[in-house]
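Take a look at the structure below.
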Amino acid sequence: MKLAVCFTNFGPYHLARLRSLARALKREGGRLTAYEVASREETYPWRRHRADEPFEWTTLFPDRALEAIEPAECARAIESALDRDRPGAIGVVGYARPESMAGARWGRRLGLPVVLMSESQAVDRPRFWWKEAVKRRRIRLFDSALVGGASHREYLMRLGMPGERIALGYNAVDNDHFANQARTWRDRPDARDGLPTSPYFLSVCRFAPEKNLARLIEAFARYRASAIAGQAWDLVLCGDGPEATEIERTIARTGRGDSVHRPGFLQVDALPRWYAGASGFVLASLSEPWGLVANEAAASGLPLLISSRAGCAGTFVAENGPDHGAGARLDPLDVEQMAARLAWMAGLPEDERAAMGRRAAGIVAEWGPERFAAGMIEALALAEPGVARPRGGLRDTVQVR
């Protein structure tokens, strides 16, 4: 059986998932074809290392940025690639991108299993009835789904996907990379060179409104104002984006320019050093379908402060208040509560924080690229064409198990 999957652009975590999926399929006698729409994406300027991959890598537009490609071009390109490669099953991301819908319709015409990969949850943004009605119609194109966690499953069920046809495990990063690199950096004598001399909270995200950095900075300023002199932590904000200037103004307004650090957008090879040097991780987003940076932080052994609106919150931290598991949730609209959570984490004994970090690493170890591969194979097995659709292709799909 040949499975084809499509993403907009392969970042490091896409490649980790695809490699694991390709190996899993190969063990069952199958193979993977992976399409990316464009070779680069302006929103996320990843650099990736293309090795001798265990899957067939096809870039539909190798010399263009994703943002410059018209929707109709994306749809035509994926249809042409599928006509050429003739896979036996298809996996696409979401129900909004033109290539995703074109790929789903292509599979439906041929009666092939089509798997939806989704990380949408109801709380992500305001929901309007007419948009939800469009989504419900589009969901009918898919035979099964692979999602991140319970909140994503619940939202798809609300849109009409039967719960028994939804597998978990979509949101994964290369856990081994972050765990091994963080461990290596902690053992190096030059590990702190260029990092803050004080303990620090680390946040890694795009500088965009939904990431809620202005409130986080305000909460941090309140924490610093009440902290014991000489014992206060700093804050490191890794990333860049359209709100970079506004973030700079917010830092200046709070008067905490000496304790808030901005190393910029960091590639995957540079991030582990900052994770290794951090004492805690914070993600304060107003809208966060999952939050893969939390996976990275957990794999690096950090205790977690996670927005209650992040899709990963239900996997990593308890719902009610600080606990002694892997961390605590934040109310992203409550600056006072966020400040209290920062103070709580900074006030814990070092051995307690280390134990929380180990628990976070243990949790994320169960949700790595191998879980993505197993989830996709499960979703393929769950895929059953609708009553009015041809049955071709299902038998081969089931055989990958």
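The values are calculated or read from the model by the stated rules, or taken from the named source; none is laboratory data. Since the structure is predicted, the reported quantities are computational estimates derived from the model, not experimental observations. Glycine also receives a Cβ, built like all others from the backbone with ideal geometry; neighbour counts cover every protein chain displayed.
Within region 25-47, which residues are over 30 Å from residue 240 (Cα atoms) and outside any helix (DSSP H, G or I)?
Of region 25-47, the ones over 30 Å from residue 240 (Cα atoms) are 25-33.
Matches in region 25-47: 28, 29, 30, 31, 32, 33.
Can you tell me which residue is farthest from residue 235 (Cα to Cα) among those in region 302-314 that are more than 13 Å from the chain's Cα centre (by Cα) and buried (at least 24 other Cβ atoms within 10 Å of the Cβ)? Only one residue fits best here, namely 309. Tell me yes or no: at least one residue of region 102-119 is among the acidic types (Asp, Glu), assigned to a helix (DSSP H, G or I), touching a residue at least 60 places away in the same chain (Cβ under 8 Å) and on the phi < 0 side of the Ramachandran plot. Scanning region 102-119, I find no residue that is among the acidic types (Asp, Glu), assigned to a helix (DSSP H, G or I), touching a residue at least 60 places away in the same chain (Cβ under 8 Å) and on the phi < 0 side of the Ramachandran plot, so the answer is no.
Residue selection: residue 50 satisfies the criterion of being in contact with a strand residue (DSSP E or B) (Cβ under 9 Å, 6 or more places away or on another chain), in a loop (DSSP other than H, G, I, E, B) and either farther than 19 Å from residue 370 by Cα or assigned by TED's automatic domain parsing to the domain that holds residue 293 (or both).
All conditions but one from (1) touching a Phe, Trp or Tyr at 6+ places or on another chain (Cβ under 6 Å); (2) farther than 20 Å from residue 11 by Cβ; (3) at pLDDT below 95 apply to residue 126; the one that does not is (1).
Within region 254-283, which residues are surrounded by 13 or more Cβ atoms within 10 Å (Cβ to Cβ) and more than 27 Å from the chain's Cα centre (by Cα)?
At the first step, the residues of region 254-283 found to be surrounded by 13 or more Cβ atoms within 10 Å (Cβ to Cβ) are 254, 256, 259-263, 265-266, 268, 270-283.
Answer for region 254-283, where residues must be surrounded by 13 or more Cβ atoms within 10 Å (Cβ to Cβ) and more than 27 Å from the chain's Cα centre (by Cα): 254, 256, 259.
Going by the structure shown, is residue 306 over 19 Å from residue 352 (Cβ atoms), among the β-branched types (Val, Ile, Thr) and not in a loop (DSSP other than H, G, I, E, B)?
No.
Residues in region 146-165 include at least one that is crowded, with 22+ Cβ neighbours inside 10 Å and part of a strand (DSSP E or B). Considering only residues that are closer than 16 Å to residue 196 by Cα and part of a loop (DSSP other than H, G, I, E, B), look in region 270-301 and name the one that is modelled with the lowest pLDDT. Among those that are closer than 16 Å to residue 196 by Cα and part of a loop (DSSP other than H, G, I, E, B), it is 270.
When the residues of region 242-265 are narrowed to those that are in contact (Cβ under 8 Å) with a residue 40 or more places away in the chain and in a loop (DSSP other than H, G, I, E, B), which ends up nearest to residue 196 (Cα to Cα)? Going through the qualifying residues, I end up with 259.
Looking only at residues that are of a type in the set (A, V, I, L, M, F, W, C) and out of contact with any strand residue (DSSP E or B) (no Cβ under 6 Å at 6 or more places or on another chain) in region 253-269, which one is modelled with the lowest pLDDT?
Quick first cut of region 253-269, residues of a type in the set (A, V, I, L, M, F, W, C) only: 260, 265-266, 268.
Next cut, out of contact with any strand residue (DSSP E or B) (no Cβ under 6 Å at 6 or more places or on another chain) only: 265, 268.
Values: 265: 94, 268: 91.
The qualifying residue modelled with the lowest pLDDT is 268.
Within region 60-79, the set of residues being in contact (Cβ under 8 Å) with a residue 12 or more places away in the chain and either assigned to a loop (DSSP other than H, G, I, E, B) or buried (at least 17 other Cβ atoms within 10 Å of the Cβ) (or both) comprises 60, 61, 66, 69, 74, 75, 77, 78. Every condition in (1) among the hydrophobic types (A, V, I, L, M, F, W, C); (2) part of a helix (DSSP H, G or I); (3) buried (at least 21 other Cβ atoms within 10 Å of the Cβ) is met by residue 123 except one, and the failing one is (3).
Note on region 24-42: residues that are touching an Asp or Glu at 6+ places or on another chain (Cβ under 7 Å) and either free of Cβ contacts under 8 Å to residues at least 12 places away in the same chain or surrounded by fewer than 16 Cβ atoms within 10 Å (Cβ to Cβ) (or both) total 1.
Quick one: count up the residues across region 177-214 that are surrounded by 20 or more Cβ atoms within 10 Å (Cβ to Cβ) and either in a helix (DSSP H, G or I) or outside the structural domain of residue 276 (by TED's automatic domain parsing) (or both). Here the count works out to 6.
Output the residues belonging to region 335-345 that are of a type in the set (A, V, I, L, M) and either touching a Leu at 6+ places or on another chain (Cβ under 8 Å) or surrounded by fewer than 19 Cβ atoms within 10 Å (Cβ to Cβ) (or both). Before you say what the answer is, go through the steps one by one.
Restricting attention to region 335-345, the residues satisfying the condition of being of a type in the set (A, V, I, L, M) are 335, 338-340, 342-343, 345.
Passing the criteria: 338, 340, 342, 343, 345.
Against the criterion of being without any contact (Cβ under 8 Å) to a residue 40 or more places away in the chain and farther than 28 Å from residue 191 by Cβ, residue 328 does not qualify.
In region 348-377, the residues that are in contact (Cβ under 8 Å) with a residue 40 or more places away in the chain and crowded, with 21+ Cβ neighbours inside 10 Å reach residues that are hydroxyl-bearing (Ser, Thr, Tyr) and assigned to a helix (DSSP H, G or I) with C-beta atoms within less than 8 angstrom, at least six apart or across chains, in these pairs: 367/315; 368/20; 369/20; 372/20; 373/20.
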